[in-house]
Amino acid sequence: MLIAFLMLTVAAERLHVIATFNTTLPNPDKMVAEQIKTPADILPEKFAAQLVEAEGLISWSPQDAVNSSPGARLQFKARHAANGREVVVYFSPAAQTVCKIRREQGGWSEIHQNAIRWCATSLGVSLPAKGPPVVSAAAPA
């Protein structure tokens, strides 16, 4: 536990924010998105995990997905708390940066979708121009 704390402390001291997402749009979920330079002596995936841990959020569920699926186009580490707060750190093994999105309230919002696209672009990942359609529940017959 002490070693993990020291690693997080060292990582926090070395944070170099390169860019911050413009949140001039309505920002109901109080989101902050930052592109952060990955230290040269650490892999992006490991750095992403350290940034998530440093937020100190306690997962709302033991089954909370904290990793992207293997081979995902946009890889991430994440944690979602019961009070709605969440942190997601996107990374690419080929990039020298990671992209962290912190929100006070989760859920869908236009600004969050734009921030995800901004993160993907900053990591050199292209996402489809339009997401899949929303599936609505069918009414009982």
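Tabulated data for the structure shown
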{"read-out": "Largest-first principal axis extents of the Cα set of the stretch 48-115 (Å)", "value": "34, 27, 20"}
{"read-out": "Heavy-atom accessible area per residue - the stretch 55-122, 1.4 Å, Å²", "value": "52 Å²"}
{"read-out": "The stretch 22-127 - percent of accessible surface contributed by carbon and sulfur, probe 1.4 Å", "value": "53 percent"}
{"read-out": "Integer Hz, Karplus 6.51/-1.76/1.60 couplings in order for the stretch 100-106, x for Gly and Pro", "value": "10, 10, 10, 9, 7, 9, x"}
{"read-out": "Within the stretch 49-129, chymotrypsin sites (Phe, Trp or Tyr not before Pro) in DSSP loop having at most 12 other beta-carbon neighbours inside 10 Å", "value": "108"}
{"read-out": "Three-way shape call for the stretch 24-67 based on the alpha-carbon gyration tensor, with the a/c threshold at 1.5", "value": "oblate"}
{"read-out": "Table column - 3J(HN,Hα) (Hz), the stretch 33-48, Karplus curve with 6.51, -1.76, 1.60, x for Gly and Pro", "value": "10, 9, 9, 10, 5, 7, x, 4, 9, 9, 6, x, 5, 5, 5, 4"}
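The values are calculated or read from the model by the stated rules, or taken from the named source; none is laboratory data. Note that the structure is predicted; figures quoted are calculated from it, not measured. Neighbour counts are summed over all protein chains in view; Cβ atoms, including those assigned to glycine, are modelled from backbone coordinates with ideal geometry. The accessibility values were calculated without ligands, DNA or RNA, using every heavy atom of the protein model including side chains. Shrake-Rupley method; radii C 1.70, N 1.55, O 1.52, S 1.80 Å.
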